[in-house]
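Data block below; observations after.
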Amino acid sequence: MKRIVLILLYLSIVLVSAWAGSGLSMEALYRNKSGTTLIGMSRSDYEGKEAEILFTSKSTVDDVYAFTFFGGFTKALSLVSDGVEKDVSSVPLGWFYGVGNAILVPFGDGTEAEVSVGYDASYLEYLNYESRVDHLRIGLRFIQTSYEGLQFSLGLEYLRPLWGRVIYDAPPTYAVYRPHYSGSAFAVSVGLGYQSW
């Protein structure tokens, strides 16, 4: 089921980007994160780094507002939990999708700033665990568009976990946990895209 959702997500990104006044971009993000998870009375502090590949389809209205549909993959680079460094080399890729809005501020000569707010759902399956965490994403990007429609971007992004669910399934045990999250993450992004006219 998840593969079908992922295939439909990327197919939708390509189809939506075929509309006039829309664009498709790919960004690489490097993120530092830290926070706390609380499951019942068990509290855990964490900090780490991760890399992300973000694909975004953007439909622009009147050159000042854009609706975005995005998805991508994340990979943990490091993790320290309660002061103990964890080995994340075997942790697989996580994936996510979401929607957002953006305000575009043109500066002339194909340069503009983009302030975006989005909501995503991210997933990770590892060993006997499956987790989902929903995030608020706030971004600031500076975009340079060439006459051919190519776009180059550089930006910052703030990510905040809102809620999540962890499913443990190792027969005969099955359990669902709903952690409470408090934390934040900051990322630097570099991207390449195409804007249709």
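Taking first residues from the range 14-34 that are farther than 13 Å from residue 72 by Cα and at pLDDT 95 or above and partners that are in a strand (DSSP E or B) and β-branched (Val, Ile, Thr), the Cβ contacts under 7 Å between residues at least 6 apart in sequence or on separate chains come to 30/188. What are the pairs with Cβ atoms under 7 angstrom where one residue, in the range 51-68, is over 16 Å from residue 140 (Cα atoms) and the other, located anywhere, is open to solvent by 70 Å² or more (accessible area, probe 1.4 Å) and not in a strand (DSSP E or B)? Sequence gap at least six, or different chains. Sorted first by the residue in the range 51-68, then by its partner, the pairs are 59/19. Can you find, within the range 164-191, the residue that is surrounded by the most Cβ atoms within 10 Å (Cβ to Cβ) among those that are in contact (Cβ under 8 Å) with a residue 12 or more places away in the chain and not in a strand (DSSP E or B)? Ranking the candidates gives 179 first. Here the range 24-47 is the region considered, the condition is being within 17 Å of the chain's Cα centre (by Cα) and of a type in the set (D, E, K, R), and the residue that is most open to solvent (accessible area, probe 1.4 Å) is 33.
Starting from the range 104-122, take each residue that is touching a residue at least 24 places away in the same chain (Cβ under 8 Å) and more than 27 Å from residue 76 (Cα to Cα) and list its partners that are not aromatic (Phe, Trp, Tyr) and not in a strand (DSSP E or B), counting only C-beta distances under 7 angstrom and pairs at least six apart or across chains. Between residues of the range 104-122 that are touching a residue at least 24 places away in the same chain (Cβ under 8 Å) and more than 27 Å from residue 76 (Cα to Cα) and residues that are not aromatic (Phe, Trp, Tyr) and not in a strand (DSSP E or B), the close pairs are 104/63; 104/64; 106/63; 110/146. The residue that is farthest from residue 64 (Cα to Cα), counting only those in the range 137-151 that are of a type in the set (Val, Ile, Thr) and under 19 Å from the mean Cα position of the chain (by Cα), is 138.
Just one of the listed residues (62, 82) is out of contact with any Leu (no Cβ under 9 Å at 6 or more places or on another chain) and at pLDDT below 85, namely 62. Taken over the range 49-106, the criterion of being open to solvent by 80 Å² or more (accessible area, probe 1.4 Å), not aliphatic (A, V, I, L, M) and not in a strand (DSSP E or B) is satisfied by 62, 63, 82, 87, 89.
Residues in the range 107-121 that are assigned to a strand (DSSP E or B) and in contact with a Ser or Thr (Cβ under 7 Å, 6 or more places away or on another chain): 116, 118.
Residue 161 falls short on exactly one of the conditions (1) of a type outside the set (Ser, Thr, Tyr); (2) crowded, with 20+ Cβ neighbours inside 10 Å; (3) outside any strand (DSSP E or B), and that condition is (3).
Taking the range 113-143 as the range and being open to solvent by less than 30 Å² (accessible area, probe 1.4 Å) and among the charged types (D, E, K, R) as the test, the residues that pass are 114, 120, 134, 137, 141.
Flag set for residue 168, criterion: at pLDDT below 90 and farther than 30 Å from residue 109 by Cα.
The values are calculated or read from the model by the stated rules, or taken from the named source; none is laboratory data. The model shown is predicted, which means the values in this text are computed figures rather than measured ones. When we count neighbours, we look across all protein chains shown, and the Cβ atoms used for this are built from the backbone with ideal geometry, even at glycine. All accessible areas refer to the heavy atoms of the entire protein, side chains included, with ligands and DNA or RNA removed. Shrake-Rupley method; radii C 1.70, N 1.55, O 1.52, S 1.80 Å.
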